[in-house]
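Written below as structure tokens is the structure these notes are about.
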Amino acid sequence: MVSARRSFEGALPIATLSRLCEVLADTGGDVQFELDFGRDSLGISYVDVRARASLTVVCQRTLEPFALPVTVDTRLGLIKLERDEAGLPPDCEPLLVAEDGRLSPADVIEDELLLALPLVPVNPDSSLPDEVTGHDPEQMHAGEGHSENPFAVLRELKK
């Protein structure tokens, strides 16, 4: 595929990506992907990976599922030995391939999507409920001009 500078594009059902499904709240939908194989001017074999998907994850603030748009656009340098990583250009991530040079495109796409997920997913449109924060909006507005000194208790102990 590298020598022929092959390109692939298509859609992959999210439900077929078992490791990714373990961290999702819903496995519906597809991943749109493009893979472009080639060799750069230094003779280094690479694959350009582009993928887009809307992944349903659980917000760690509200514990509600939400759709997280994920986009991957990266170049992976194909290496057979770990020591070959030092010869890769700085904009190229290493991808260790088997001795026979084969790789599974679905596994590559799945790996890149897993790496693109946030460690702690938080819905940007969410906020904590008042019961959790202990703030009552009515009390917040009533006491706006009054601020209590947090060290007042220490002042009393000093006397």
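Read-outs throughout are calculated quantities, based only on the coordinates presented, and are distinct from any laboratory measurement. The structure displayed is predicted, hence computed values, not measured ones. Cβ atoms come from the backbone with ideal geometry, glycine included; neighbour counts cover every protein chain shown.
In table form, for the structure just shown:
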{"read-out": "Theoretical FRET efficiency, 1/(1+(r/R0)^6), r = Cβ-Cβ of S127 and N149, R0 35 Å, to 0.05", "value": "0.80"}
{"read-out": "Label-point separation, K80 to A106 (7 Å along Cα→Cβ), nm", "value": "2.7"}
{"read-out": "From the coordinates shown, volume of the Cα convex hull per residue in Å³ corresponds to which of [x] 113; [y] 103; [z] 220", "value": "[z]"}
{"read-out": "Dipole in debye (nearest 20) - the range 7-126, about Cα centre, beta carbon charges: Lys, Arg +1; Asp, Glu -1", "value": "100"}
{"read-out": "Listed peptides 51-61, 3-13 by packing density, highest first (mean Cβ within 10 Å)", "value": "51-61, 3-13"}
{"read-out": "On Cα atoms only, tilt of 105-116 relative to the major axis of the chain in degrees", "value": "20"}
